[in-house]
Amino acid sequence: MDEIRIGVFVCHCGTNIAGFVDVASIEEYVKTLPHVVFTQRNLYTCSETGLLAIKNGIKENNLNRVIVAACTPRTHEPLFRGICSEMGLNPYFFEFVNIREQCSWVHQKEKEKATSKARDLVRMGVARAALLEPLEKFQIDVEPSTLIIGGGISGMSAASVLANQGFHVIIVEKDTELGGQLRNLHRLYPGDMDSQKMLSIREEILKNPKIEVHISSKIKNIDGYIGNFDITVLKGEKEIKFGVGTIIVATGTDVLKPKGLYNYDGKKVITQKELELLFKENQFNSKNIVMIQCVGSRNEERPYCSSICCMTAMKNARVIKEKNPDAEVFILNRDIYTSGTYQEEFYREARKMGVIFTRYNESKLPQVTEDSVIYYNESLKEDVEIKYDLVVLSTPLVTYHEESKKLSKMLKVPLDEFGFFLEAHVKLRPVDFSNDGIFVCGTCKWPANVPESISQGYAAASRVTRIISKDTFTVEGATAWIDQEKCIACEICLKKCPYKAITRDEEDRVIVRTVLCKCCGVCSTTCPEHAIDIRHYKDNQVESQITALLEEGEWIE
């Protein structure tokens, strides 16, 4: 076995780390640790200068293990692994020690203890690095096509981008036509565009030879993995089967029907969606209109803000004032949400047009009678009565909950407590799922307006392109591994694996489908025979960190 030669690079991260941790003392301490032959401090290790320092350190000191003590591996580990590979070092001989999020940022007022904890973390990293083993990533073939589940504006936007790049796209839509909720809209804010102009994308989709559309269809089954998904679609009584390389979920949402709220009847008391249909059919003729915001949302059942209701109410109020400047439009609200300067300007223009905004108290909700709305005015400290001939309720976007649950189980992706799909990371991977090759866009992940939905569709298409533009895809080498001599085939791991990565082979042995494995460790921790190892996180590697911590637990009280 070659001599273990570890190089440790400690990052200042500007003042993010150095402002709360004595980085110089960390560097001196690391020199005393076993197998460490080289140490260096850098202002920003992820900068070009810092990366060059790592390259030179590997070359000049014959390093065969590299440790960077800096920030989160979530953002920079691929970068540093790439540098190791470039210098001929197996990328799995790289170890990341987080002394920013796990140390300096959470101990900003205790510099001495933060420094002591940083020493412990680095010592643990060195102990683990000494036991790291080389691993190899592997390649899988990729089918250069994409399934888009949902034919709303976000799904169509993604399809258009992909097809125009020459990729085969299959859209599966449950309704009888494409368009989603956009079909129900009259005008779009903030530019007051006619929704029908936006819907012209449907004709492009239907004429594009690269796009295959299945309307009145539902997903029956999904199997496989990134690059090789097997899809079964139910179209009436007919089953259609095909393979794709990637999947985009764009199933959209519905608008809450406020049954039992504010005397809703669909005639004199309607929703914003129903109001827009009146506009489209040229059947609107009311003169005294009261709009009530936050109906069915921001309460115990649905504590979230639907984010589009305020702008929708303002947009429709402006349409009314344009049709009849003498019409009276009141918007009763708890507060008004305008995102960005252009929405704020939209709000100001609505007020200039004569739309009246007045607040109600959530503890004293407005009362809708046969011909008037009564609400408590906080400024006047008394009830105010407004006569109406139409009440319009602003209700939130809600998910197709049961359908989403079925689809989430097929795709093995999570939902939040309200039935919206959960992305892998809200900032770092906003349109990715944790399962490789599956992406999400539009309102099925959270309420969004039309421009936002289109942007998300483009983003999802961009993420798909990086996969299906290549013949193969590189899969992570750190996965679970089953020792067949120890395995008793109890199948506990099959039931516990959240990614369904464990199955039986032709010989009836329990095996890991490595392409699906995310190295979460659930199988290893629940195996009664200790027959499962997690490559790159083996028991001896984790135990070495625990032992190293207990040697000098200075920061533990």
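Stretching residue 176 away from residue 529 to a fully extended chain increases their span by 121.8 nm, per 0.36 nm per residue minus the current alpha-carbon distance. Based on Cα contacts under 8 Å between residues 6+ apart, the stretch 258-396 shows a relative contact order of 35 percent. Length, then width, then depth: along the principal axes, the Cα atoms of the chain run 87, 61, 44 Å.
Between 0 and 90 degrees, rounded to the nearest ten: what's the tilt of helix 48-61 against the longest Cα principal axis of the chain? In the chain, helix 48-61 runs at an angle near 20 degrees to the longest axis.
If you average the sequence gap of Cα pairs under 8 Å that are 6 or more apart and divide by the length of the stretch 476-534, what percent do you get for the contact order?
Reported relative contact order: 47 percent.
For the stretch 141-253, what percent of Cα pairs sit more than 19 Å apart? Mind dumping the intermediate values first?
Values: 2858 of 6328 pairs.
That fraction is 45 percent.
When each of 119, 466 is scored by the number of other beta-carbon atoms lying within 10 Å, the sequence from fewest to most is 466, 119. Structural descriptor for the chain: relative contact order 15 percent, calculated from alpha carbon pairs under 8 angstrom and at least 6 residues apart. Candidates 166, 549, 82 compared by Cα position along the dipole of the chain: farthest toward the positive end lies 166, with charges placed on Cβ. Note on the stretch 251-296: percent of Cα-Cα distances in each 10 Å bin, starting at 0 and stopping at the bin with the largest distance, equals 22, 54, 22, 2. Note on the chain: helix-only mean residue ellipticity at 222 nm, from DSSP H runs of 4+ residues weighted -39500 (n - 2.57) and normalised by residue number, equals -9000 deg cm²/dmol. Other residues lying with their Cβ under 15 Å from the Cβ of residue 306 contribute a combined charge of +2, Lys and Arg counting +1, Asp and Glu -1. Of the residues 148, 205, the one with the fewest other Cβ atoms within 10 Å heads the list, and the complete ranking is 205, 148. Across the options 56, 201, 93, the greatest Cα extent toward the positive end of the charge dipole of the chain (unit charges at beta carbon of Lys, Arg, Asp, Glu) belongs to 201. The H on the amide N of residue 187, modeled in the peptide plane, is under 5 Å from the matching H of 195, each at least 5 residues off or on a different chain.
Can you compute the FRET efficiency between residue 215 and residue 494 using 1/(1 + (r/R0)^6), with r the Cβ-Cβ distance and R0 = 51 Å? Round to the nearest 0.05. Here the calculated transfer efficiency is 0.85. Taking Lys and Arg as +1 and Asp and Glu as -1, the other residues whose beta-carbon sits under 9 Å from that of residue 432 total 0. Sorted on the mean count of surrounding Cβ atoms within 10 Å across their residues, most packed first, peptides 503-515, 239-251 read 239-251, 503-515.
Placing pseudo-labels 7 Å out from each Cα toward the beta carbon at residue 401 and residue 426 gives an inter-label distance of 2.2 nm. Expressed as a fraction of 2.2 N^0.38 Å, the C-alpha radius of gyration for the stretch 323-480 is 1.51. Remark: the stretch 256-400 projects, on average over all directions, an area of 9.0 nm² (convex hull of Cα atoms). The HN-Hα couplings worked out from phi for the stretch 456-472 by the Karplus form 6.51 cos²θ - 1.76 cosθ + 1.60 (θ = phi - 60°) are 5, x, 4, 5, 4, 4, 4, 5, 5, 4, 5, 9, 7, 7, 10, 6, 9 Hz, whole numbers, x standing for Gly and Pro. Suppose the Debye formula is applied to equal point scatterers at every Cα of the stretch 476-534; what is log10 I(q)/I(0) at q = 0.30 Å⁻¹? With no solvent term, the Cα-only Debye profile gives -1.49.
With the convex hull drawn over the C-alpha atoms of the stretch 442-517, the volume per residue is 139 Å³. Cα-based values for the stretch 301-384, radius of gyration first and Dmax second, are 13.8, 39 Å. By the count of neighbouring beta-carbon atoms within 10 Å, fewest first, 12, 401 end up ordered 401, 12. Centroid-to-centroid, using Cα positions, the stretch 106-167 and the stretch 262-303 are 44 Å apart. Overall, the chain carries a charge dipole of about 1020 debye about its Cα centre when +1 sits on the Cβ of Lys and Arg and -1 on the Cβ of Asp and Glu, all other atoms neutral.
Amide H to amide H distances under 5 Å link residue 171 with 148, 212, 213, 214, where only residues 5 or more positions off or on other chains count and H is placed in the peptide plane. Please state the shape class of the stretch 396-492: rounded when a/c is under 1.5, otherwise prolate if a/b exceeds b/c and oblate if not, all from the C-alpha gyration tensor. Verdict is oblate for the stretch 396-492. The listed peptides 56-66, 450-460, ordered by packing as a protection proxy, come out as 450-460, 56-66 (highest mean of other Cβ atoms within 10 Å first). Between the residues 284, 456, 244, the greatest Cα displacement towards the positive end of the dipole of the chain, with unit charges on the Cβ of Lys, Arg, Asp and Glu, is found for 284.
The alpha carbon radius of gyration of the stretch 6-135, expressed as a multiple of 2.2 N^0.38 Å, is 0.96.
Dipole magnitude for the stretch 254-309: computed about the Cα centre from +1 point charges on Lys and Arg Cβ and -1 point charges on Asp and Glu Cβ, it is near 140 debye.
Counting only DSSP beta bridges with both residues in the chain, what percent are antiparallel, rounded to the nearest 5?
Details: 40 of 88 bridges.
In the chain, DSSP labels about 45 percent of beta bridges as antiparallel.
Using Cβ point charges alone (K and R +1, D and E -1), the dipole size of the stretch 476-534 about the Cα centre works out to roughly 360 debye.
How charged is the neighbourhood of residue 375? Take every other residue with its Cβ under 14 Å from the Cβ of residue 375, and add Lys/Arg as +1 and Asp/Glu as -1. That sum, taken over residues with Cβ under 14 Å, equals 0.
Read the figures in this text as sums done on the coordinates, not as results from a lab. Note that the coordinates shown come from a computational prediction; the quantities given were computed from them, not determined experimentally. Cβ: placed from backbone, ideal geometry, glycine included. Neighbour counts: every protein chain shown.
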